1. Considering only the range 74-93, how many residues are touching an Asp or Glu at 6+ places or on another chain (Cβ under 9 Å), touching a residue at least 40 places away in the same chain (Cβ under 8 Å) and open to solvent by 40 Å² or more (accessible area, probe 1.4 Å)?
2. Take the range 29-68 and flag every residue that is open to solvent by 70 Å² or more (accessible area, probe 1.4 Å) and closer than 16 Å to Leu96 by Cβ.
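The values are calculated or read from the model by the stated rules, or taken from the named source; none is laboratory data. This is a predicted model, so every value here is computed, not measured. A quick note on method: Cβ atoms are made from the backbone with ideal geometry, for glycine too, and the neighbour counts reach across all protein chains shown. Quick note on the areas: whole protein, heavy atoms, side chains included, nothing else; ligands and nucleic acids left out. Shrake-Rupley method; radii C 1.70, N 1.55, O 1.52, S 1.80 Å.
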Amino acid sequence: MSWLVMVPVTSGTRKRVWAGGRKGEDQEAAKKELIEFLKTMEGELGDKHLFGGETIGFVDVALVPITSWFYTFETFRNFGIEAEFPKFIAWYKRCLEKECGQVTA
């Protein structure tokens, strides 16, 4: 599956993980989809510094926004992303260190 297709799918999945509190089965299915997505992304990342190698690329830029939900998932949905996907979290932290990933005032 193309990464360009997976990012919007992940956006919809992210919303289902959060809003699925009233629909337990859908929330669990969404969690499984997100886990599979993160497993795929960790596999694609491998030992590379960034998805683009040593420079930030389109995939890196497209994926960073979904990480803003990770704290919420861990806190309110008991979904431990950092412990399960250490390579993905390390990648995210490297992205934040890049000049283009930093927020400026």
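1. The total comes to 1.
2. Thr55, Val61, Pro65, Ser68
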